[in-house]
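Please read the structure below before turning to the comments.
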Amino acid sequence: MSQEIAFRADLHCHSTYSDGTLSPREILELAKNLQLSGLSITDHDSAAAYPNVFTEAEKLEIKMIPGVEFSAMHKGTSVHILGYSFQIAHPSISSLSEKHKQRRKERNALMLNKLKQMGMPILESELHSLHSIGRPHIAQAMLNRGYVTSISEAFNKYLGDNKPCYIKGTPIEVQETLDAIHQANGLAFIAHPHLAKDISFVRELLKMPFDGLECYYARFPKTDHQRWLKLAKEKSLLICGGSDFHGDIKPGIALGSSWIDQEAFQHLWTHYQNNR
Ligand code: AMP
Ligand code: ZN
Ligand code: FE
Ligand code: FE
């Protein structure tokens, strides 16, 4: 007797278009092996994995929706915003993405400069990504050069928020990010509220026109999920969730280790079908 496999959709992971170590195709193959039914690749500040990846997804019978994880700032604090089911070719997405590319270029140069001053030179040509380059690429280059013995050491000592080689960079506001996602008829979610400094910060963000909240996130206990599900219900928000898988650069976080069920996925899927 064959057993029905429960529907699971992992809507948060990173590919070689940002700081993940697997290509979109390799992520899809892994998703198939893990028997996931739904997927979204949410690269930092880039939707460049789309539309190419859709053909492969259809072949593997995985329901895929477009996704992106935009970096934003609210009153000096970093906020990650997940956008889903938007029109992939819409200029509002590509122009915000280009703006981030420029922001990252300037910021990376400043961070490399700080490292140089501390006796750890790294060339820009040592940072590899198909689109968005950031701190994990710098951490990897530091590891390759032998300046540190692990990626986490690079963050803990030098690159983490407010560490000596950290640069905030030109802020891009939450409202601007929400506008770009909505202009492309997408849905905007607060990513990993579990990592926010407190719930009042999340409530303050929710005064802006968010469509939903990332309620499931890897490595957090069920009690934490309940807290965000309760808030989503109170505010009539949509639910999303996923692992935040990055591949080998972030060991210990497996694809599919966090996911949403068919009911939650259906809202995003229907939205995308009406939007193609
Ligand atoms: P950036 O977009 O350049 O600010 O880099 C942010 C990314 O760095 C995050 O999305 C994570 O993938 C990674 N990151 C942040 N903090 C750490 C940490 N302490 N250890 C490992 N990776 C981290
Ligand atoms: Zn990342
Ligand atoms: Fe994030
Ligand atoms: Fe992420």
Notebook entry, point to check: Once both axes come from the Cα atoms, what is the angle between helix 24-33 and the longest principal axis of the chain, in degrees from 0 to 90, rounded to 10?
Noted result: 50
Note to self: Suppose a student asked you for the relative contact order of the chain, using Cα pairs under 8 Å spaced at least 6 residues apart; what percent would you report?
What the structure shows: 24
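Let me check against my output: what whole-number percent is the relative contact order of segment 119-271, with C-alpha pairs under 8 Å and at least 6 apart? If you can, show how the numbers build up before the last one.
Values: 156 pairs, mean separation 20.7, N = 153.
14 percent.
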Next item on the list: Please compute the net charge surrounding residue 139, taking Lys and Arg as +1 and Asp and Glu as -1 over other residues with Cβ under 14 Å from its Cβ.
Entry: +1
Checklist line | 19 Å Cα-Cα reach of residue 250 towards lysines, excluding residues that sit fewer than 8 places from it in its own chain | finding: 157
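Can you give me the orientation-averaged projected area of the convex hull built on the Cα atoms of segment 162-276, in nm²? Don't jump to the answer; show the numbers that get you there.
Details: hull surface 36.5 nm².
Average projection, Cα convex hull of segment 162-276: 9.1 nm².
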Next item on the list: Work out how far the C-alpha atoms of segment 86-223 reach from end to end along every principal axis, then list the three figures in whole Å, largest first.
Entry: 45, 40, 21
Note to self: How large is the Rg to Rh ratio of the chain when both quantities use alpha carbon positions and Rh follows Kirkwood?
What the structure shows: 0.96
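Which pairs, out of 32/59; 99/168; 63/99; 207/230; 75/105; 168/235, put more than 21 Å between their alpha-carbon atoms? Present the calculation step by step, with values, prior to reporting the outcome.
Details: 32/59 10 Å; 99/168 15 Å; 63/99 30 Å; 207/230 17 Å; 75/105 23 Å; 168/235 31 Å.
Checking Cα-Cα distances, 63/99; 75/105; 168/235 exceed 21 Å.
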Next item on the list: Specify the angular offset, from 0 to 90 degrees and rounded to the nearest 10, of the alpha carbon long axis of helix 91-117 from the longest principal axis of the alpha carbons in the chain.
Entry: 30
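When you count, for each residue, the other Cβ atoms within 10 Å and take the mean per peptide, how do 106-117, 171-182 rank with the highest first?
Packing order, densest peptide first, comes out as 171-182, 106-117.
Out of the GluC sites (Glu not before Pro) in segment 1-66, which ones are loop residues according to DSSP with at most 13 other C-beta atoms within 10 Å? Please report the intermediate quantities before stating the final value.
On the way: sites: 4, 26, 29, 56, 58, 61; in loops: 4, 61.
Passing sites in segment 1-66 are 4, 61.
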Item checked: Segments 235-248, 200-213 sorted - mean Cβ within 10 Å per residue, highest first -> 235-248, 200-213
Margin query: Starting from 0.36 nm per residue, how many nanometres of slack lie between residue 183 and residue 101 once their C-alpha separation is accounted for?
Written below: 27.5 nm
Next item on the list: Run through all the Cα pairs of segment 1-137 and give the fraction in each 10 Å bin from 0, expressed as whole percent.
Entry: 11, 37, 30, 15, 5, 1, 0
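Just how large is the dipole of the chain about the Cα centre, in debye to the nearest 20, putting +1 at every Lys and Arg Cβ and -1 at every Asp and Glu Cβ? It would help to have the intermediate numbers written out before the result.
Details: 30 positive and 30 negative charges, 163 e Å.
Here the size comes out at about 780 debye.
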Item checked: Partners for residue 101 among aspartates and glutamates (Cα-Cα distance below 13 Å; same-chain residues under 8 apart left out) -> 43, 45
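Here, each number is a calculation from the coordinates, and none is a lab measurement. Everything quoted here is computed from the prediction, not taken from an experiment. FYI the Cβ positions are ideal-geometry reconstructions off the backbone, even for glycines, and counts take in every protein chain you see.
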